[in-house]
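Colleague: I have a structure here, written as structure tokens, and I will follow up with some questions on it.
What follows is calculated from the coordinates using simple rules that are stated; it is not laboratory data. All figures in this text were calculated on a predicted structure; none of them were measured in a lab. Cβ: placed from backbone, ideal geometry, glycine included. Neighbour counts: every protein chain shown.
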Amino acid sequence: MDFTKIIGHEKIIENLKNAIDNNQISHSYLFEGEESIGKKMVALSFAKTLLCKKQGLKPCNSCNSCLKFDNLNHPDFKLIEPEKNRISKKTIDKLIKSMSIAPLESKRKIVVIDNSHEMGLEAQNGLLKTLEEPPSYINIILITSSSNNLIPTIISRCQVVKFYPVENKKIEELLKLNYNKTLEEANFIAHFTQGSVGRSIILSKSEDFFSKREETLKIIDNIVNGDKLTIFNSIDFFLQNKDSIEEILDIILYWFRDLLIYKEVGKSALIINRDKISLLFNQSFLNTNKINDIIEKTIETKEDIKRNINYQLSIETMLLNMQEV
Ligand SMILES: [Zn+2]
């Protein structure tokens, strides 16, 4: 693990390297940005660099410190992650205690707290004291995709580094080169995940993502063409794929979004489902109001399912609404 494995975020990495070069490393950072875009990769590479015996602008990958870091047993590095969506006060108390002991092998002690917004108020207040007066050898990197859930006093103690989604072109290149995706597949995934490198890789590795997409598009096509039986026959598909329902609903959302674009401007670079132009053409008889209505209902269904409203009923209602009336 080092900076070379990271896709995008060049400016951020350059700034961090400059901070090392100018000896202006902050005691506490807040890496903020959407999920799975590479914040943790950058944090870990930065931490590894700071601990490396060579003390350069990137980890040497061969010293004792780098090897221990890669094996996750560096005594001066701690990665805190939520357990069951929670970072407890107890975990933070333990961490603070361990931070009061000077580093064993390096000049620094580095703590990365992933999904730091999962700390409750008590845990955050506990950490705040350390952020206000950190021991000189401590560097803390908080990572979050939802800084709204962090108390303002924590944020104000940190140097905030804002991460943005990675450009689609870069993700496409990665998926083509390292994950054997065709240009069309890579393009679809990169848009579908909205610049999330992590999710793009997961979908590229998933054996059935594209078959689920095919099945979903077939169901949509049957329904909008008036095949009433499909609604009831497809319930099994939705029940079997309950775990990936968010993904499937996104497939539906992007499909109808594409249909709107297709109706508006025809074949366009803005269309994500570029390999399905003829199918979009076949469905372009749907009127714009109807498509907007379907999109709205699909978003509602997504929210209902998150709130644990009856799964099967929500799906059936959504599919029934898709029918032209
Ligand atoms: Zn090293």
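Colleague: Angle between the Cα long axis of helix 10-21 and the longest principal axis of the chain, 0 to 90 degrees, nearest 10?
Modeller: The helix 10-21 is inclined about 0 degrees to the chain.
Colleague: What pairs in K94/K162; K242/K306; K170/K302; K162/K205; K90/K162; K5/K39 have C-alpha atoms more than 22 Å from each other? Let's see the in-between values first.
Modeller: On the way: K94/K162 29 Å; K242/K306 12 Å; K170/K302 29 Å; K162/K205 28 Å; K90/K162 29 Å; K5/K39 13 Å.
The answer is K94/K162; K170/K302; K162/K205; K90/K162.
Colleague: Give me the orientation-averaged projected area of the Cα convex hull of the chain, in nm², one decimal. Please report the intermediate quantities before stating the final value.
Modeller: Working: hull surface 75.0 nm².
Its average projected convex-hull area is 18.8 nm².
Colleague: Helix 89-99 versus the longest principal axis of the chain: what angle, 0 to 90°, nearest 10, using Cα atoms?
Modeller: Around 40 degrees separate the two axes.
Colleague: If packing is taken as the mean number of other Cβ atoms within 10 Å per residue, what is the order of 184-194, 275-285, 3-13, highest first?
Modeller: Numbers: 184-194: 21.8, 275-285: 15.0, 3-13: 16.5.
Ranked from most to least packed, the peptides come out as 184-194, 3-13, 275-285.
Colleague: Only Lys, Arg, Asp and Glu count, each charged at its Cβ (+1, +1, -1, -1), so figure out the dipole size of region 207-322 about its Cα centre, rounded to 20 debye. Write down the numbers at each step before the final one.
Modeller: Numbers: 15 positive and 20 negative charges, 72 e Å.
Approximately 340 debye in magnitude.
Colleague: If you count, for each residue, the other Cβ atoms within 10 Å and average over each peptide, how do 45-56, 23-34 line up from highest to lowest? Mind showing how you got there, number by number?
Modeller: Numbers: 45-56: 20.3, 23-34: 18.1.
Result, highest mean first: 45-56, 23-34.
Colleague: Go through K58/K107; K212/K263; K218/K276 and tell me which ones have a Cα-Cα distance over 19 Å in this structure.
Modeller: Working: K58/K107 16 Å; K212/K263 25 Å; K218/K276 11 Å.
As for pairs spanning more than 19 Å Cα to Cα, those are K212/K263.
Colleague: Compute the long axis of helix 121-132 from its Cα atoms, compare it with the longest principal axis of the Cα atoms of the chain, and write down the angle in degrees, 0 to 90, nearest 10.
Modeller: Tilt of helix 121-132: around 40 degrees.
Colleague: For region 185-304, report the convex hull volume of the alpha-carbon atoms normalised per residue, in Å³, without decimals. Write out the running numbers ahead of the final one.
Modeller: Details: hull volume 13.1 nm³, N = 120.
Value for region 185-304: 109 Å³ per residue.
Colleague: Right, here's the next one. Ordered by packing density, taken as the mean number of other Cβ atoms within 10 Å over each peptide's residues, highest first, how do 310-321, 205-216 rank? Walk me through the numbers on the way to the answer.
Modeller: On the way: 310-321: 16.2, 205-216: 14.3.
Output ranking for 310-321, 205-216: 310-321, 205-216.
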